[in-house]
Amino acid sequence: GLCLLVLRVFIGVHVFLVSCALPDSVVRRFIVRVMCSVLGLLVRQSDPRLRGVGARVFIANHVTPFDHNVVSLLTSCNTPALSGAPGFICWSRGFMELGVTGSRAELVDSLKEYSTHQGNPPLLLFPEEAATNGRAGLLRFSSWPFSILDVVQPVALQVRRPLVAVSVADSSWITELLWTFFVPFTVYQVRWMPSVPRRADERSEDFALRVQELLAMELGVVSTRITAADRTEHMKRLRHTSRLPFAPGGCPGGVLAMEPQPRLCFWGSQVPPSLPEGAPEDVRVVAMAQQVKEVLPHVPLEVIRTDLVQTNCVDTTIANLLEGRVPFFPESKEAGDLPAPSTSQAAAASGIQGSVAAPSSKPATKQFAKSPVERHLSLQERKRALYDYARR
């Protein structure tokens, strides 16, 4: 591995110089693609006849920091720089600098103007705005890439390599590059999908959701409503808990993990901090069920244990109960077993249950939002109130 790393660093310098010296053409892409195979980057594509047919905006899922470089080996395209200071590093990584440092609206206007010139290469955009391992699910697509043009072409990316995980959350692009040089090979599979036009009177949010569902079906993963901001917040929590003396173990499953798991878990601990990893399974389930019971006292313990056996994650079970995936009949008596909550706790608990009435009044009837966006926002609000209540 170390010998490959040292050798490929020198070869990589030559690849960079060749890609800078030659103009963008089929010959340049062929030469650089062959040289990248020496670096261990193997690029494969399926249905190349669909490539760039009727679309000037490519929409792809985001797996590694080099996805745009890989796609540019197959066809001419540009990816705008959305973060990081402009300069040599940004240019050397293959990003297009637009000189826009303002809002997303200014960026969209610049990209619309760019797309009006037929001589410019197509745009390659990543609506997830953050890299995942691509094995469990897709992050929620941002809507701004779908407001540029009315026709987009989805591109499904899958990456695999031996021994080392493809994408590790919170790692830099330099780290990913060194690991790519260290392992024997990394295979990028690019699948071109048919172009998708916008429907009549379709909003950009609905257009983004529809394309996300198509890409998820093509990849065989889950289309989640977790945003890049949620991913960033999750990593902050992991960094914070790792500094604690008895930090809970992070959930290994989900989009942010290195290996896929049968259920998604993003938010908290999988094993209670008071239990070692080698504890008996029934003891761990009982302890985790008690944690869920403290947060949701109206849910029967048997229902909690049944779902925990399947999820093995406290936060996933809480989300399942809040979202109604697990049916249950609320227990009528829980006030006698638990201490009376304070005013702030009662307010938080009422926020979790979707009620805006005072704690002493009758609970308000839960209303089911009509649109999926409103239901997602309501769920996020209940989750935030739930965690605020659980921390007290």
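The values are calculated or read from the model by the stated rules, or taken from the named source; none is laboratory data. Because the structure is predicted, anything quoted here is derived from the model rather than measured. Here the Cβ positions follow ideal geometry from the backbone for every residue, glycine too, while neighbour counts run over all protein chains shown. Side chains included, ligands, DNA and RNA excluded: accessible areas come from the protein's heavy atoms. Shrake-Rupley method; radii C 1.70, N 1.55, O 1.52, S 1.80 Å.
A few notes on this one:
- Residue check for Ser115: assigned to a helix (DSSP H, G or I), touching a strand residue (DSSP E or B) at 6+ places or on another chain (Cβ under 7 Å), open to solvent by less than 60 Å² (accessible area, probe 1.4 Å) and not aliphatic (A, V, I, L, M): yes
- Single residue of Thr75, Thr64 found to be in the same structural domain as Trp192 (by the TED database), assigned to a loop (DSSP other than H, G, I, E, B) and either among the aromatic types (Phe, Trp, Tyr) or within 22 Å of Pro162 (Cβ to Cβ) (or both): Thr64
Yes or no, residue by residue, for (1) open to solvent by less than 40 Å² (accessible area, probe 1.4 Å); (2) touching a residue at least 12 places away in the same chain (Cβ under 8 Å); (3) among the aromatic types (Phe, Trp, Tyr); (4) in a strand (DSSP E or B):
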| position | (1), (2), (3), (4) |
| --- | --- |
| Val108 | yes, yes, no, no |
| Gly119 | no, no, no, no |
| Asn133 | yes, yes, no, no |
| Phe146 | yes, yes, yes, no |
| Ala156 | yes, yes, no, yes |
| Leu177 | no, yes, no, no |
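- Matching residues, the range 104-134, being at pLDDT below 85 and at positive phi: Gly134
- Checking the range 136-143 against the condition returns no match, with no residue being among the charged types (D, E, K, R), under 30 Å from Phe182 (Cβ atoms) and assigned by the TED database to the domain that holds Ile31.
- Evaluation of Leu111 against the conditions (1) within 23 Å of the chain's Cα centre (by Cα); (2) over 26 Å from Ser171 (Cα atoms) shows that the sole unmet condition is (1).
- Of all residues in the range 33-48 being part of a helix (DSSP H, G or I) and of a type outside the set (A, V, I, L, M, F, W, C), the one that is farthest from Leu5 (Cα to Cα): Pro48
- Single match in Ile11, Ile59 (criterion: more than 22 Å from Ala156 (Cβ to Cβ) and surrounded by 13 or more Cβ atoms within 10 Å (Cβ to Cβ)): Ile11
- The one condition in (1) over 25 Å from Val222 (Cα atoms); (2) part of a strand (DSSP E or B) that Ile89 fails to fulfil: (2)
- Residue match in the range 176-186 (condition: under 29 Å from Asp150 (Cβ atoms) and of a type in the set (Phe, Trp, Tyr)): no
- Members of the range 36-56 that are over 19 Å from Pro145 (Cβ atoms), surrounded by 13 or more Cβ atoms within 10 Å (Cβ to Cβ) and within 25 Å of the chain's Cα centre (by Cα): Leu41, Leu42, Val43, Gln45
- Number of positions in the range 10-44 that are free of Cβ contacts under 8 Å to residues at least 24 places away in the same chain and under 19 Å from Arg160 (Cβ atoms): 1
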